[in-house]
Structures are given as C-alpha cells and as structure tokens.
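The values are calculated or read from the model by the stated rules, or taken from the named source; none is laboratory data. In this text the structure is predicted, and so the values were computed from the model without any measurement. Heads up, the Cβs are rebuilt from the backbone with ideal geometry, glycines too, and the neighbour counts pull from every protein chain shown. Ligands, DNA and RNA are excluded from the accessible area calculation, which covers all protein heavy atoms including side chains. Shrake-Rupley method; radii C 1.70, N 1.55, O 1.52, S 1.80 Å.
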Amino acid sequence: MNDVVLKPGKEKSLLRRHPWVYATAVAQVVGRPQPGDTVRVVDCRGDFLAWGAYSPESQIRVRCWSFREEEGIDAAWMAARVTEAVARRASLAGRTDAVRLVFGEGDSLPGFVADRYADQLVVQFLAAGVERWREPLVDALVAATGCLNVYERSDAAARERDGLAARTGVLRGRQPPAEVEIVEDGVRYGVDVVNGHKTGFYLDQRESRRLVAELAARVGPSATVLNCFSYTGGFSLAALRAGAAHAISVDSSADALAMAARNAARNGLPEAAFECRVSKVADAQKALAAEGRQFDIVVLDPPKFAPSVHHVDKAARAYKDVNLKGMKLVKPGGYLLTFSCSGAVSVDLFQKIVAGAVIDSREDFVLLERLAAGMDHPMRMTHPEGEYLKGLLLQRV
Ligand code: SAH
C-alpha cells in the first residue's frame, strides 16, 4: 500500500474535499509509488482522507480521485466517470455537435480533457494520474460517444509541470482532416484540431457567442461589431449570422484569421461584411480610435494575461489598459463584452479592474450580465480554481 501522510493540520483542505495535495503538505510517503500510481492520502494519525494519483514532479503532489474509502480506483471507476460526464452534457446535443465532454476536476478526472468536434474526439492528458489510465479513459470515451476517431493534444504547459513530455497524434481511427466542420447554434466553424489553440476551438465561449447573436439581433441590421482577440472569428460570425451589418475581427495570428475568413465563406457571409485585421489589439484599438470609429458591440477576449498568482498585478494593468481602450470604441447605448480567462484573477478582482477602466474612461457603463463558460465546463463547488473564465456584459449609457 502506498500512503501519502500529511503534516498535522494539512488535512483541512481535504476534509473540505478540495482535490489537490500540495508538496508542502506532505510529511511522508510510505511505499514507493511511481508517477500516476494510486495512493491513499491519510492524516497524521493515519486516518483515510482520499484516494489520489501520485505526481512526484508536480507541486500538486496528489490529485484526488475520490474521498470515499470504499471506492476502488480501477479501469471500471474511470469508465464510470467518463460515462457520467458524457451524460451530463446530453442536453447540449440539440444546439451543437461541439462539446467539452470531460473537464478535469469538474468531472472528477483531474487533468483529463476530452472534446468532441462532430465525429472527431480530441483528448488531453495533463497529469500523471490520467496519463496512467489513458487506455481505459479513451476506451470509455469511444464507447460512450460512438466516435471512432481520437486525436491526442497533450501539449499544454500543465503537462510539463507534471514531468510529462508533450505528446500529440492519432490515438484511434484516422488522421483528422485539416478542418473538422462543426455547427453551433446554426453557425458553421472549421476546427483545426492538430494545430489550433487548445484542442482547436474555444468551446468555453459558446454561451457568450449566443449572447452576442442576441445583442446583434436586438441592435438590428445596422449593427457593427469589433471582435478583439477574435481567433477564428467566433463572435463575429455569431453576430453576422444574426443579422449584423459588419464585423471587424482583430487577432495577431494570421492563421487564425485565415480560418476566420474561411468560416465566413462557410456561412455564406458577404466578404464586405467580414473584415479581418492581423494586428496587435492595442495597435488596432489605437488606429480605430484615430479614425473616430465606434461600434454597437465590442468584444474583448484576450489570452490568459496571468499564468499564475505571481503575475496578477501585471495582468491587472494589462486588462485595465485593453478595457479602457475598448470602452472608447463603444457607441453610446452599445455593448461591451469583456473577459478574463486567467484562473488567478478572481471574478471580484476582474470586476474591480473593469470598474477602474470605466472610471478612467470618463464614460458610464452599466453591468447587465455576468458571463462564464457553459455547462460543459462544470466546476466542482469544492474546487473554485475550476472557474477560470469570467466575463461582464456592459452597456454604455
Ligand atoms: N475570442 C476567441 C478566443 C480568443 S483566444 C474565440 O471565441 O474563439 C485569444 C486570441 O488572442 C488568440 O487567437 C491569439 O492569437 C490572440 N492574441 C494574443 N495576443 C494578442 C495581441 N496582443 N493582439 C491580438 N491578438 C492577440
């Protein structure tokens, strides 16, 4: 039996069922667990706290599978979690064929991510524990979905922190086509699962894409959109398909915007309505301000500015700056959707940063809605770190 014995007092977070054991909390390791082996986490008196996966290279030394001593952690247990996770998303099937089927801790499988794009599955094993169970996890996923094609994109930074080398390639079935086509809320998108960001698409913005479509419809056929950090054009396409007149998509990646333009064609949108600018957002914002342009809807969806808590101050300044410049580009009565996907920036802090930008902008904005990832990104109530994406819908008054 491999036991991880915690220092006195360090059992508190596990008793609250937080699923991570930090290296600094460990007093002693009994046995010789290998990376990914199942260990019993016990308090200083030897009382059971959790079953977890041992990760000797990571600061998160154990990621917990279960807090129930009677549960056996085996291939059947893994398969049951996958089946549950897939079933949890069933209600999305009517809206989209692109869904995050498994979301790590939120689905009790720390470090495992599985996305479905039409008949293509894409998986990420981002921790030693799920790496150990990769075959049963993939088998269960194939069984639960009937999808025969599985591509691995275990190339995220998190994997390195667990001492695992990056790994990508076909796990089951065929090599994915250059573009897998998905349909979400009636809009078609091409997804490059081999080279795209994350596993190819920002599934986490589905609800906000729908909101942008609603706002565009509310504004009417003259609606104009500025989509900053557009990637493959998601928000622009949603707005244009809902009847907006014109959208500018700004991204520093020419590849992302090339896909965005193909997506516009895929949806039969007139070329004149779909403008792309390969540019840093700060430069584009400056140029648009100089041209005296303003938009009915401005979207700000930057990359993660704060990779960890150590970067929060610097990130706060960057968020404030991009928001301040973005606010100047919103027409009176227009909408601003602003996001942060930095786990280290809390919902409260993000709202404070944006409020600071409002003050400096000397314009007035009201908060209409708080935005977050959809229901295929569940967050365990005992693991608030799972809530990384937060956003605000503001209206300029
Ligand atoms: N809104 C997108 C996802 C945005 S991800 C969607 O819903 O699909 C962040 C994007 O910002 C990436 O596409 C990246 O290429 C781009 N990016 C990062 N830094 C940038 C910068 N300084 N200026 C412009 N684009 C940037």
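The figures follow:
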item	result
C-alpha center-to-center spacing [the stretch 354-397, the stretch 299-324] in angstrom	13 Å
Amide H contacts under 5 Å for Asn149, placed H, 5+ residues apart	Leu121
Surface accessible to a 1.4 Å probe, per residue, for the residues of the chain, Å²	42 Å²
Separation of alpha-carbon centers, the stretch 166-184 and the stretch 88-161, rounded to whole Å	13 Å
Beta bridges per DSSP with both ends in the chain, % antiparallel, nearest 5	65 percent
Rounded to whole Hz, the Karplus (6.51, -1.76, 1.60) HN-Hα couplings of the stretch 256-270, x for glycine and proline	4, 6, 5, 5, 4, 5, 5, 5, 4, 4, 4, 9, x, 7, x
HN-Hα J in Hz across the stretch 306-323 - Karplus 6.51, -1.76, 1.60, θ = phi - 60°, x for Gly and Pro	10, x, 7, 4, 5, 9, 5, 5, 5, 4, 4, 5, 5, 4, 4, 5, 5, 6
Gain in span if fully extended, Val29 to Glu214, counting 0.36 nm per residue against the direct Cα distance	61.1 nm
Solvent-accessible area, 1.4 Å probe, carbon plus sulfur percent, for the chain	52 percent
Paramagnetic reach from Tyr22 in the stretch 42-79 [backbone N under 15 Å; point 7 Å along Cα→Cβ]	58-63
Long-range amide H partners of Arg17 with built H, under 5 Å	none
Vicinal HN-Hα couplings computed from phi for the stretch 58-74 (Karplus, 6.51 cos²θ - 1.76 cosθ + 1.60; Hz; Gly/Pro x)	9, 5, 8, 6, 9, 10, 7, 8, 7, 9, 10, 5, 6, 7, x, 8, 9
Amide proton proximity set for Glu369, modelled H, under 5 Å, gap of 5+	Leu393
Too-long pairs where the Cα-Cα distance tops 19 Å, listed order kept, from Lys352/Lys390; Lys198/Lys286; Lys198/Lys325	Lys198/Lys286; Lys198/Lys325
